[in-house]
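The values are calculated or read from the model by the stated rules, or taken from the named source; none is laboratory data. Treat the numbers as computed from the prediction; the structure is a model and nothing was measured. Methodologically, a virtual Cβ is constructed for each residue, glycine included, from the backbone with ideal geometry; neighbour enumeration extends over all protein chains shown.
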Amino acid sequence: MNRKIFLVVGAALLAAGVASCYTSSSELSPENEGAPKAPEKRVSLTVNLPPTKAPHSKPRMPDLVVLKLGQCVKTERPCFRIEQREGRRVLVFPAVTTNIGKGPIEVRANRSSASSSDWRPYQIVHYKNGKLQARRMRPGPKFYFAGDGHNHWHMRDFDSYEVYVPGEKLVRGEKHGFCLQDNTIYRGPDRVGPAWSDGPRHPEAPDDPVYLPETSCGEHHQDATSITHGMSPGWGDTYPITLVDQHIDITGLPDGIFTVKVESDWQHLFDESDETNNAAVAKLRIQGNSVELVEDKSGA
């Protein structure tokens, strides 16, 4: 089969699977609004999970990176700004977490009822022969609904944002909620928005996004009992400067040279092909309400 056709068909099939892998408790409610409410059901684990046993094939693991903090898209420049928000002095900048591995990063989670917090997360590993494996995550990510103007389920503290000087961490970022999805292509032309950087497309990148806002993270379903987060290879998840809490509170920080670090999956909850390249680091000079990029030290 032509490889391009295979990618498009595979992406469509996976998107269909993502779209169908959450269950809302409203589906269990009686249609007649006047009917007496039944006690909440303890539902079975309805998430669509593959076997937990590894197939006889080679895993195609994800590899998370954070793109260089000083190379944001033109619409976001300057990449670093200092603003006053509600009487606080904050450092504002965008960040892009990207998957440059051979396979998607995907987590599916379920809980026993719409009111419980006993989420059971599984990392879904994709294999070269097309089969999948569900790996129980212990410990796993914590989930919560909304909180940043987005009506979906978030993973708590998936990325970390820090400002520090050598040997001392000074402050951490205000952003705590993350919903992984395909919204930015890593390199090359992008049908969703501007590509983050020039160069050839990732060889495993599907032509179209697979993990969409409409089908991932239980969008508009606070009563979901199953959710999916994911990011395709060669795709990224952009957090623009306009997003709620996309900043670090530097109130009281003196003038000087500081280092900013953004690290994806900093708690190492997910299995990856490379666990050493998850961070982007930039050195900044801060003077009053001005900020200057001194060095883009690391990042993809």
Count of residues meeting criterion [over 27 Å from the mean Cα position of the chain (by Cα) and crowded, with 16+ Cβ neighbours inside 10 Å] in the stretch 286-300: 2
Selected residue [under 30 Å from GLN84 (Cβ atoms), modelled with pLDDT under 90 and crowded, with 16+ Cβ neighbours inside 10 Å] from ILE241, ILE248: ILE241
Any hit, the stretch 65-79, residues being touching a His at 6+ places or on another chain (Cβ under 7 Å) and surrounded by 21 or more Cβ atoms within 10 Å (Cβ to Cβ): no
Condition check for GLN267: in a loop (DSSP other than H, G, I, E, B), surrounded by fewer than 18 Cβ atoms within 10 Å (Cβ to Cβ) and under 17 Å from the mean Cα position of the chain (by Cα): yes
All strands (runs of 3 or more DSSP E) inside the stretch 98-163 with 2 or more residues being buried (at least 22 other Cβ atoms within 10 Å of the Cβ) and within 18 Å of the chain's Cα centre (by Cα): 105-110, 120-127, 153-156
Single condition THR225 does not satisfy, out of (1) polar (S, T, N, Q); (2) in contact (Cβ under 8 Å) with a residue 12 or more places away in the chain; (3) over 22 Å from ASN48 (Cβ atoms): (3)
Residues that are in contact with a Pro (Cβ under 9 Å, 6 or more places away or on another chain) and closer than 30 Å to LYS58 by Cβ, drawn from the stretch 68-109: ASN99, ILE100, GLY101, LYS102, GLY103, PRO104, ILE105, GLU106, VAL107, ARG108, ALA109
Selection from the stretch 219-252 of residues that are farther than 24 Å from TYR186 by Cβ, of a type in the set (S, T, N, Q) and either in a loop (DSSP other than H, G, I, E, B) or under 13 Å from the mean Cα position of the chain (by Cα) (or both): GLN222, THR225, THR251
